[in-house]
1. Which ones in the stretch 128-141 are closer than 19 Å to R69 by Cα and of a type in the set (D, E)?
2. Would you call T100 within 30 Å of I138 (Cα to Cα), crowded, with 16+ Cβ neighbours inside 10 Å, touching a residue at least 24 places away in the same chain (Cβ under 8 Å) and among the hydroxyl-bearing types (S, T, Y)?
3. So which pairs qualify, if the first residue must be in the stretch 51-73 and open to solvent by less than 10 Å² (accessible area, probe 1.4 Å), the second must be among the basic types (K, R) and outside any loop (DSSP other than H, G, I, E, B), the Cβ gap must be under 9 Å, and the two must be at least 6 apart or on different chains?
4. Looking only at the stretch 59-73, decide whether some residue is modelled with pLDDT of 95 or more and over 10 Å from the mean Cα position of the chain (by Cα).
5. When the stretch 122-135 is examined, which residues are found to be open to solvent by 70 Å² or more (accessible area, probe 1.4 Å) and under 25 Å from A60 (Cβ atoms)?
6. Can you report the number of residues in the stretch 94-127 which are under 15 Å from V71 (Cβ atoms) and either of a type in the set (S, T, Y) or assigned to a strand (DSSP E or B) (or both)?
7. Which number in (1) open to solvent by less than 20 Å² (accessible area, probe 1.4 Å); (2) part of a helix (DSSP H, G or I); (3) over 21 Å from G133 (Cα atoms); (4) not aromatic (F, W, Y) marks the one condition that I85 misses?
8. What are the pairs with Cβ atoms under 9 angstrom where one residue, in the stretch 140-164, is touching a residue at least 40 places away in the same chain (Cβ under 8 Å) and the other, located anywhere, is surrounded by 10 or more Cβ atoms within 10 Å (Cβ to Cβ) and hydroxyl-bearing (S, T, Y)? Sequence gap at least six, or different chains.
Amino acid sequence: MTSRANQTKQVLFPRRRGGVGRHGDDEEDGEVLTSRTYSGVLERLRAAGLRPTRQRLALAKLLLESGPRHVTAEELFHEARTAGIPVSLATVYNTLHQFTTVGLLREVVVDMGQSYFDTNTSHHHHFFDETTGALTDIPDDDIEIGRLPTPPLGSEIERVEVIVRLRRAGA
């Protein structure tokens, strides 16, 4: 007689190395992937109204479980490939924009055609180092905005985002 706890369900989960495995399969290093491995991101995706596909789960785990960070689509693509996640750059872009639309990420546009995706969705500002390309958070309280222009008729100000551009002293 098998107890309910001993029954395994065949659920597909992305592996860290070597592609996609089935729930209960052992990794080369002996790690067993379980639904608990993805439970945090699984719940966040469901709460945001997104279907938790393998690729969304894998990318969400890379993005959302390592603390606050800023990442470009290209950086996440390379990180995913290094982790053995079979994903195209187009899928990474689409997923990042889906996560942004549902509020899991914020897009920070620093230049024409150069965007970062921020896992910190609270209201805050950024330093952008134009030499290194590093994006750093500035707490909302560290910037005072004294006056804003009146918005055009029929619109209202949703938020104000400040990007303070840096360059190396003496450069």
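1. Scanning the stretch 128-141 gives D129, E130, D137, D140.
2. Values: within 30 Å of I138 (Cα to Cα): yes; crowded, with 16+ Cβ neighbours inside 10 Å: yes; touching a residue at least 24 places away in the same chain (Cβ under 8 Å): no; among the hydroxyl-bearing types (S, T, Y): yes.
No.
3. Listed pairs, sorted by first residue: A60/R44.
4. No: the stretch 59-73 contains no residue that is modelled with pLDDT of 95 or more and over 10 Å from the mean Cα position of the chain (by Cα).
5. Within the stretch 122-135, just H123 meets the criteria.
6. Of the residues in the stretch 94-127, 15 are under 15 Å from V71 (Cβ atoms) and either of a type in the set (S, T, Y) or assigned to a strand (DSSP E or B) (or both).
7. Condition not satisfied by I85: (2).
8. Within 9 Å, no pair qualifies.
The values are calculated or read from the model by the stated rules, or taken from the named source; none is laboratory data. For clarity, every value in this text was computed on a predicted model and none was experimentally measured. Quick reminder, even Gly has a Cβ in these numbers, built from the backbone with ideal geometry, and neighbours come from all protein chains shown. Each accessible area value is taken on the protein alone, full model and side chains, heavy atoms only, with ligands, DNA and RNA left out. Shrake-Rupley method; radii C 1.70, N 1.55, O 1.52, S 1.80 Å.
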